[in-house]
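Remarks on the structure that follows.
Only the coordinates and a few stated rules stand behind these numbers; no lab work does. Note that the structure is predicted; figures quoted are calculated from it, not measured. FYI the Cβ positions are ideal-geometry reconstructions off the backbone, even for glycines, and counts take in every protein chain you see.
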Amino acid sequence: MVGAGLSGAVIGRKLAEAGHSIVVCDERNHVAGNCYTERDKDTGVLVHVYGPHIFHTDDEEVWSYVNRYETFMPFVNRVKTTSGGRVFLLPVNLHTINQFFDKTLRPDEARDFITSIADNSIEEPKTFEEQALKFVGRDLYEAFFKGYTVKQWGCSPTELPASILKRLPVRFNYDDNYFFHRFQGMPENGYTGMVEKILDHERIELRLGHRFTRAESEAFDHIFYSGPLDGYFDFELGRLGYRTLDFERFYYDGDYQGCAVMNYGDLEVPYTRITEHKHFSPWEKHEKSVCYREFSRACEEGDIPYYPIRMADEKALLQRYVERASQEQKVTFVGRLGTYRYLDMDVTIREGLDTADAYLRSLAAQQPLGSFFVNP
């Protein structure tokens, strides 16, 4: 398993339980990948070191799986956004609409009102901007979506495909739960402890601070690779595009913003959001606070890749790498980086469990698993 994040841990554990001897390696000196958590030594706050990760799923089997290794505490993500010097609720809901337009609309009235201000001349939205204008109109788009999107993706929303805004989160009630899923929560002692427990098996050997090279493949029956797809091939066809994040960490004596996540929709504010990490563990009490200002920019060599861009040029290059990967005999590319897809944690775990099952079936049938269980 190349990578000690969720993909490597989940696949490795299932195959270890099936009797295989597993080596899990990671070039970082810790497990859990980007969902790594640790206690801040000055405040005692549990910090999401690479940015916040909130677990949410409708997959009951995945929910049961993570609760085998860590107690998940109730947590509802209630995001706020600052725009034009005012604070609003996200996703856009009935309270947001009434507050923004200084109205007291009922649900049906709000629905009709939004329809009246939406750009109904757009029949088939092709860009992010057209998608937003068609569903909420220019005022809400410019207040909550335009500036944030420019900062997050580094380009105009007119250059982004409508698919990025697959479903516009607008609710005509007062529900401010950011997610729709049945199961939502946070691991009581952090994701690091959970992943450590998943990897705690007598047949699993963990090698941290170890950078995998293709030359090592000969020593193994199969490689599950969750590092960057282009990195496996030493970027020989070029680099796939990603956005990365920079975090400006600061401390506050007390409660800085009163919520876990505060977005900033105005383009004049250089960061996309501020996260206050003690609010991700509301069952704990801390006098002092640890906060992150979050900045998005183009990923360069040596940076941590976060969000695959997947624009036309990247998709063309991705196809070339997929074709190159299909020539590999005993390597399967998995996870967010291995398949160049944005994946929530529950989907990563589901695909890990299913990939391990597929590998066991392929062994029983004496058939190769293939380079991708999920084709990117």
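Per residue of the stretch 5-17, what does 6.51 cos²θ - 1.76 cosθ + 1.60 with θ = phi - 60° give for ³J(HN,Hα)? Whole Hz please, x for Gly and Pro, Karplus curve as stated.
Rounded to whole hertz, the list is x, 5, 4, x, 5, 5, 5, x, 4, 5, 6, 5, 5.
Using the Cα gyration tensor of the stretch 314-376, with a ≥ b ≥ c the square roots of its eigenvalues, what is the shape: rounded (a/c below 1.5), prolate (a/b larger than b/c) or oblate (neither)?
Cα axes put the stretch 314-376 in the oblate bin.
Using the Cα gyration tensor of the stretch 90-165, with a ≥ b ≥ c the square roots of its eigenvalues, what is the shape: rounded (a/c below 1.5), prolate (a/b larger than b/c) or oblate (neither)?
oblate
Shape call for the stretch 192-244 from the C-alpha gyration tensor, a ≥ b ≥ c root eigenvalues: rounded (a/c under 1.5), prolate (a/b greater than b/c) or oblate?
Cα axes put the stretch 192-244 in the oblate bin.
Is there a quick way to get the dipole size of the stretch 229-279? I mean about its Cα centre, with the Cβ of Lys and Arg at +1 and of Asp and Glu at -1; what is the value in debye to the nearest 20?
For the stretch 229-279, the charge dipole is close to 120 debye.
Ranked highest first by average number of other Cβ atoms within 10 Å, how do 25-35, 232-242, 53-63 line up?
25-35, 53-63, 232-242
Spin-label point model (7 Å from Cα, Cβ direction): what's the residue 248 to residue 182 distance in nm?
So the two model labels end up 4.3 nm from each other.
Please compute the contact order of the chain in relative form: average sequence separation of alpha-carbon pairs under 8 Å and at least six residues apart, divided by the residue count, as a percent.
In percent, rounded to a whole number, it is 25.
With labels modelled as points extended 7 Å from the Cα through the Cβ direction, what inter-label distance (nm, one decimal) is found for residue 105 paired with residue 174?
1.7
Treating the angle as unsigned and between 0 and 90°, give the value, to the nearest 10°, between the Cα long axis of helix 128-140 and the longest Cα principal axis of the chain.
30
Using a 7 Å offset from the Cα along the Cα-to-Cβ direction at both residue 59 and residue 354, what is the distance between the two label points in nm, to one decimal?
Using points 7 Å along Cα→Cβ, the separation is 0.7 nm.
In the structure displayed, which of 146/278; 151/288; 14/285; 80/151 lie more than 27 Å apart, Cα to Cα?
Beyond 27 Å: 146/278; 151/288; 14/285.
How much length is gained on full extension from residue 304 to residue 362, taking 0.36 nm per residue of separation minus their Cα-Cα distance?
17.5 nm
HN-Hα J couplings of the stretch 314-326 from phi, Karplus 6.51/-1.76/1.60, θ = phi - 60°, integer Hz, Gly and Pro as x?
Whole-Hz 3J(HN,Hα) from phi for the stretch 314-326: 5, 5, 5, 5, 4, 4, 5, 5, 4, 5, 5, 5, 5.
Quick check: residue separation of residue 42 and residue 316 times 0.36 nm, minus the Cα distance between them. What number comes out in nm?
So the chain would gain 93.9 nm between residue 42 and residue 316.
With only Lys, Arg, Asp and Glu charged, each at its Cβ (+1 for the first two, -1 for the last two), find how big the charge dipole of the stretch 90-165 is about the Cα centre; round to the nearest 20 debye.
The dipole magnitude comes to about 240 debye.
Take every Cα-Cα distance within the chain, group them into 10 Å bins from 0 onward, and report for each bin the whole-number percent of pairs it holds.
Values per bin, smallest distances first: 5, 21, 30, 26, 14, 4, 0.
Under the rule of -39500 (n - 2.57) per DSSP H run of 4 or more residues, summed and divided by the residues of the chain, what mean residue ellipticity at 222 nm is obtained, to the nearest 500 deg cm²/dmol?
That comes out to -9000 deg cm²/dmol.
What aspartates and glutamates sit close enough to residue 134 to cross-link, taking a C-alpha to C-alpha distance under 20 Å and skipping anything fewer than 8 places away on the same chain?
Within reach: 108, 109, 112, 119, 123, 124, 142, 159.
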